[in-house]
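The values are calculated or read from the model by the stated rules, or taken from the named source; none is laboratory data. Note that the structure is a prediction, hence the values are computed from the model and not measured. Every residue, glycine among them, receives a Cβ derived from its backbone with ideal geometry; neighbour counts consider all protein chains shown.
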Amino acid sequence: MTHRDSVTLPAPQMEIDHIGLSFGGVRALLSVTFNIYPGTIQAIIGPNGAGKTSLLNCISGLYRPQQGQIRFEGRNIIGMPPHQIARLGIARSFQNIELFRHMTVVDNLMLGRHIHMRSGIFSGGLYWGRAQREEVEHRAFVEQVIDLLEIQSIRKKMVGALSYGLQKRVELGRALAMNPRLLLLDEPMAGMNTEEKEDMARFILDINEEYGTTIVLIEHDMGVVMDISDRVAVLEFGQLIAYGTPAEVRSDPKVIDAYLGREHAMPRM
Ligand SMILES: Nc1ncnc2c1ncn2[C@@H]1O[C@H](COP(=O)(O)OP(=O)(O)OP(=O)(O)O)[C@@H](O)[C@H]1O
């Protein structure tokens, strides 16, 4: 039993309601239904090709499912473009790092703030004072993120010159700079060594505790998933085969079957 198994859950923040998604003849998601609760850490797990990234893409507006609804704080977000979904308070990181490699860490994080900027390039002159005040506020927020993620020493470095593990951390920072209420992380620890993974797990817990941000992560490392998640959704061939606390999911025969004999066999079960 982890410290998170005993959490009691309030009304859902997001309802994933019978989501169906096909690409031609490929059915990537079949009537997937589960809830995401505010302030929790929820993992989506499953073998390769199970539909995990497709589901994240449906939530962030990159894919439009043919069936079902996704309600965020009561509002159906299907059909909204990604920038509108981001403005509602949903941020994400990607499986393959998507940062501006020739810009500094601070500038990449400032880009994460742009959805909150009211003063655009046309608001010079009369609104100059307001734009300056806004800039100071955004910089202060970014500095908080830099402190939380312990990246002060690399703040002026070009992202392209950083190690893979640090780039993943900066990408997390950029999503966090949006000050989201829901943070979607697609394999935040992929390709990391044990120490980097432990750091990343600690940062995810810190973000969740400090800001109360709900976190949904896709992760293959079952040790990490079982340690930090309040709830786990298990996908296989586009279907939800189990959903519950880590303890419930790891003892579910369907989950054990899905992982038996596979490349990503579940350790520590
Ligand atoms: N843009 C696309 N066009 C066609 N098929 C796609 C597309 N995106 C996903 N699929 C298909 O949908 C299915 C689910 O893929 P998805 O990437 O969501 O799985 P996953 O669980 O994230 O896998 P992995 O763990 O390997 O990242 C796969 O059969 C995949 O080939």
(message) Return the residues of region 38-81 that are part of a loop (DSSP other than H, G, I, E, B), crowded, with 20+ Cβ neighbours inside 10 Å and touching a Pro at 6+ places or on another chain (Cβ under 8 Å); say none if nothing qualifies.
(response) Gly61
(message) Just the residues that are over 22 Å from Gly61 (Cα atoms), at pLDDT 90 or above and out of contact with any helix residue (DSSP H, G or I) (no Cβ under 6 Å at 6 or more places or on another chain), please, taken from region 169-192.
(response) Arg169
(message) Can you list residue pairs whose Cβ atoms sit under 8 Å apart, with the first residue in region 23-38 being of a type in the set (D, E, K, R) and the second being assigned to a strand (DSSP E or B) and away from the ligand (no atom under 11 Å from the Cβ)? Count only pairs 6 or more apart in sequence or on different chains.
(response) Arg27/Gly20
(message) Quick check on my filter: what residues within region 46-67 are near the ligand (Cβ under 10 Å from one of its atoms) and hydrophobic (A, V, I, L, M, F, W, C)?
(response) Ala50, Leu55, Leu56, Cys58, Leu62
(message) Testing Gln84 on (1) outside any loop (DSSP other than H, G, I, E, B); (2) modelled with pLDDT of 95 or more, one condition comes back false. Which one is that?
(response) (2)
(request) Among what's in region 14-30 and is under 18 Å from Gly244 (Cβ atoms) and of a type outside the set (Asp, Glu), pick the residue that is farthest from the ligand (Cβ to nearest atom). (result) Met14
(request) State yes or no: is Gly112 surrounded by fewer than 20 Cβ atoms within 10 Å (Cβ to Cβ) and at pLDDT below 90? (result) no
(message) I need the strands (runs of 3 or more DSSP E) fully contained in region 168-269, keeping only those with at least 2 residues that are surrounded by fewer than 23 Cβ atoms within 10 Å (Cβ to Cβ) and within 16 Å of the ligand (Cβ to nearest atom).
(response) 239-244
